[in-house]
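Colleague: Following this message is one structure expressed as structure tokens.
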Amino acid sequence: MSLNLSVDCIYTYILIFETMNCRHCTSPCYKCGKQKNGRQRYRCKKCLKYQQANYKYKVYHPGINGQIVSMLKEGVGIRGIGRLLSISKNTVLARIRSIASTVKKPAIASTGSIYEVDEMWTFNKSKENVLWITYIYDRTSKGVVDFVVGKRSRDFLKPMITRVLKHCPKFIATDGLIVYRSLIPVSLHVRDAYQTLRIERNNLNLRTHLKRLSRKTINYSKSISMLRSVLTLYFWS
């Protein structure tokens, strides 16, 4: 069979089957209609995701998620992030929730480690709606292994404490909150202010780095789910 194609035919063939590399899996993408704004739309045949070759809105630029997380962890508020990146504050909120949903709670790999538990006061919408951020600090990994946002009741804290007890800790240091006496065995429970110095210092980091937790400011959390998302990114991203 002869393949005598004219230059015009070859040019038309290239235009019809013009491709680009997928932003998600680097596989070839093919033309698939157009966006509402008239821009060419592509679809990846491997991951089946739609995308554009060039985005006008900055939130779709590569690396924007990393910039949002970095600014969030350095004390920049939601509106501040939106101003610096020239994107909507609602888009910033949606992107934070989206990124946090992909972050998984770290596994507790070590056994015989020392853990510190402490609570931090905050509120939701109004100071009348008191919330407590209770989290566990691992001295071995020097990181947070779990946290909860809500009350300081026994039923609320039990799943978190139970998860740590399964890994045979050397001991667990807490403050004088009475509820810990019913959750932690006496042989593993240490109530000593000197043993919780590291987590107390980490509390100061939280107050300094997260705008919504800073004292005597106009910044606060309007949503408990957003507070959880921000803490997830700060602890584990």
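Colleague: Counting Lys and Arg as +1 and Asp and Glu as -1, each charge on the Cβ, what is the dipole of the stretch 180-237 about the Cα centre in debye, to the nearest 20?
Modeller: Around 280 debye, computed over the stretch 180-237.
Colleague: With θ taken as phi - 60° and the coefficients 6.51, -1.76 and 1.60, list the Karplus ³J(HN,Hα) couplings across the stretch 113-128 in order, rounded to whole Hz; mark glycine and proline as x.
Modeller: These are the phi-based 3J(HN,Hα) values: 8, 9, 10, 10, 10, 8, 10, 10, 7, 7, 8, 10, 6, 9, 5, 6 Hz.
Colleague: If you don't mind, another one. Among 67, 91, 81, whose Cα projects farthest towards the positive end of the dipole of the stretch 67-118, with charges put on the beta-carbon of Lys, Arg (+1) and Asp, Glu (-1)?
Modeller: Going by the charge dipole, the pick is 91.
Colleague: Now a separate question. Ignoring solvent entirely, what values of log10 I(q)/I(0) come out of the Debye formula for the stretch 21-135 at 0.19 Å⁻¹ when each Cα is a single scatterer?
Modeller: Taken in order of the listed q values, log10 I(q)/I(0) reads -1.15.
Colleague: Counting only protein heavy atoms and using a 1.4 Å probe, what share of the accessible area of the chain belongs to carbon plus sulfur, as a whole percent?
Modeller: The computed percentage sits at 54.
Colleague: Taking the Cα centre of the chain as origin and charging only Cβ (+1 Lys, Arg; -1 Asp, Glu), how large is the dipole, in debye to the nearest 20?
Modeller: So the dipole magnitude of the chain works out to roughly 740 debye.
Colleague: Roll a 1.4 Å probe over the protein chains and send me the accessible area per residue for the stretch 31-168 in Å².
Modeller: It amounts to 58 Å² per residue over the stretch 31-168.
Colleague: Identify all lysines with a Cα-Cα distance to residue 58 below 29 Å; exclude those on the same chain that are fewer than 8 residues away in sequence.
Modeller: By straight Cα distance, residue 58 reaches 31, 34, 36, 45, 46, 49, 73, 89, 104, 211, 222.
Colleague: Specify whether the C-alpha gyration tensor of the stretch 82-143 places it in the rounded, prolate or oblate class, a ≥ b ≥ c being the square roots of the eigenvalues: rounded for a/c under 1.5, otherwise prolate if a/b is larger than b/c and oblate if not.
Modeller: oblate
Colleague: Restricting the calculation to Cα positions, tell me the Rg (one decimal) and the Dmax (whole number) of the chain in Å.
Modeller: Every Cα atom of the chain included, Rg and Dmax give 25.0, 88 Å.
Colleague: At most 15 other C-beta atoms within 10 Å and a DSSP loop state: those are the exposed chymotrypsin sites (Phe, Trp or Tyr not before Pro) I care about. Give me the longest piece of the chain that has none.
Modeller: Answer - 58-237.
Colleague: Pick from 68, 184, 81: which is most flexible by mean-square fluctuation in a GNM of the chain where alpha carbon atoms under 10 Å apart are linked?
Modeller: Comparing 68, 184, 81 in the GNM, the peak value goes to 184.
Colleague: Hey, another quick one. What value in Å³ per residue do you get for the convex hull of the alpha-carbon atoms in the stretch 88-224?
Modeller: Dividing the Cα hull volume of the stretch 88-224 by its residues yields 125 Å³.
Colleague: While we're on this one: Out of 187, 47, 102, whose Cα points farthest toward the positive end of the dipole of the chain (charges: +1 Lys, Arg; -1 Asp, Glu; placed on Cβ)?
Modeller: Sorting the options by dipole projection puts first 47.
Colleague: Continuing with the same structure: Within the stretch 66-124, which trypsin sites (Lys or Arg not before Pro) sit in a loop by DSSP and count at most 16 neighbouring Cβ atoms inside 10 Å?
Modeller: Answer in residue order: 104.
Colleague: For the charge dipole of the stretch 106-211, defined by +1 on Lys and Arg C-beta atoms and -1 on Asp and Glu C-beta atoms about the Cα centroid, which residue among 141, 112, 171 has the Cα displaced farthest towards the positive pole?
Modeller: Going by the Cα projections, it comes out as 141.
Colleague: Follow-up. Just to be sure I understand: with springs between alpha-carbon atoms less than 10 Å apart, which residue in 120, 20, 160 has the highest mean-square fluctuation in the Gaussian network model of the chain?
Modeller: Highest fluctuation of the listed residues: 20.
Colleague: Next up: Let a ≥ b ≥ c be the square roots of the eigenvalues of the Cα gyration tensor of the stretch 22-63; is it rounded (a/c under 1.5), or, if not, prolate (a/b larger than b/c) or oblate?
Modeller: It comes out oblate by the Cα gyration axes.
Colleague: Say we join alpha carbon atoms closer than 10 Å with springs in a Gaussian network model of the chain; which of 203, 21, 219 then has the biggest fluctuation?
Modeller: 21
Colleague: Also, I was wondering about something else. Dipole of the stretch 58-197, Cα-centred, from +1 at each Lys and Arg C-beta and -1 at each Asp and Glu C-beta, to the nearest 20 debye?
Modeller: I would put it at about 500 debye.
The values are calculated or read from the model by the stated rules, or taken from the named source; none is laboratory data. Quantities reported herein were computed from a predicted structural model and do not represent experimental measurements. Every residue, glycine as well, gets a Cβ built from its backbone with ideal geometry; the counts of neighbours run over all protein chains shown. Ligands, DNA and RNA are stripped out before the accessible areas are found, and what is left, the full protein with its side chains, is counted by its heavy atoms. Shrake-Rupley method; radii C 1.70, N 1.55, O 1.52, S 1.80 Å.
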